[in-house]
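Working notes, beginning with the structure itself.
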Amino acid sequence: MNCYKNLYILGTSHISKDSVDLVEKFITKERPDIVAVELDNKRLYAMMSNAKPSFKEVFSIGIKAFLINIVGAYAEKKLGSIVGVKPGSEMRKAVELVKENKLKLSLIDQDISITLKKLSKAITFRVIFRFLGDIIKSVFSKKKEFIAFDIREVPSKEVIEKLIEKIKDRYYEIYKVLIEERNEVMAKNLYKLMNKHNDKRIFAVVGAGHEFEIVSIIKRIEA
């Protein structure tokens, strides 16, 4: 966990039981005034109601973006089934505890429709061919370049940095949309929250890949 002024930011794995426990432990023991989560209104509603996207929503973001979302959700669900944790359980736990303890909830992520539309444009045929080439190369190459870590636990800072650098190097278009731009959005939202409620303790729950950069961006904004 990172602590900066009145902000406590926890980097989590969306399919880790440990992450759920850490969220529950901090909120119940430390009782922060505000809990900020890596969600937007649409994702919060979908997560808490298990609602399926309507035809109108599919049409608004485009078929390509919708399919990308489906594939990503399926992959996360399969990994979650391996470790016995539903994807996003730590976010759900945070929201539930906010209601139980009558705390304030803040949604700090970018609208999912914006993210998916940008991702749809970023995933060009060139990116797809590069991805397929990397898969073929990994199958036939004797040199293994995998970054090993236990998916049941939150990766260490070193592992996270290696993973992000690999994505940034090979798939910068995707890195920019999913990580870089969203880091800026979440950091700015947290910065506003910190200043508006400078006498309150804010607990932010974000994916481990966002934690350190968000804090760096907040410090940069203040400089």
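Assorted remarks:
- The residues of region 184-212 that are crowded, with 20+ Cβ neighbours inside 10 Å and either under 23 Å from residue 129 (Cβ atoms) or not small (Gly, Ala, Ser) (or both), listed by number, are 186, 190, 193, 194, 202, 203, 205, 206, 210, 211.
Each row is one residue, and each column tells you yes or no for (1) at pLDDT 85 or above; (2) more than 28 Å from residue 95 (Cα to Cα); (3) out of contact with any Leu (no Cβ under 8 Å at 6 or more places or on another chain); (4) not charged (D, E, K, R).
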| site | (1), (2), (3), (4) |
| --- | --- |
| 181 | yes, no, yes, no |
| 187 | yes, no, yes, yes |
| 195 | yes, no, yes, yes |
| 206 | yes, no, no, yes |
| 216 | yes, no, yes, yes |
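- Those residues of region 71-102 which are over 16 Å from the mean Cα position of the chain (by Cα), surrounded by fewer than 18 Cβ atoms within 10 Å (Cβ to Cβ) and modelled with pLDDT of 60 or more, in sequence order: 96, 99, 100, 101, 102
- In region 192-223, the residue that is nearest to the chain's Cα centre (by Cα) out of those that are assigned to a helix (DSSP H, G or I) and polar (S, T, N, Q) is 216.
- Residue 117 vs. criteria in contact with a Gly (Cβ under 9 Å, 6 or more places away or on another chain) and modelled with pLDDT under 95: yes
- Count of region 121-155 residues which are modelled with pLDDT of 75 or more and assigned to a loop (DSSP other than H, G, I, E, B): 2
- Residues of region 82-133 that are under 24 Å from residue 168 (Cβ atoms) and in contact (Cβ under 8 Å) with a residue 60 or more places away in the chain: 87, 108, 109, 110, 111, 112, 115, 118.
The values are calculated or read from the model by the stated rules, or taken from the named source; none is laboratory data. Given the structure is predicted, the values throughout are model-derived calculations rather than measurements. When we count neighbours, we look across all protein chains shown, and the Cβ atoms used for this are built from the backbone with ideal geometry, even at glycine.
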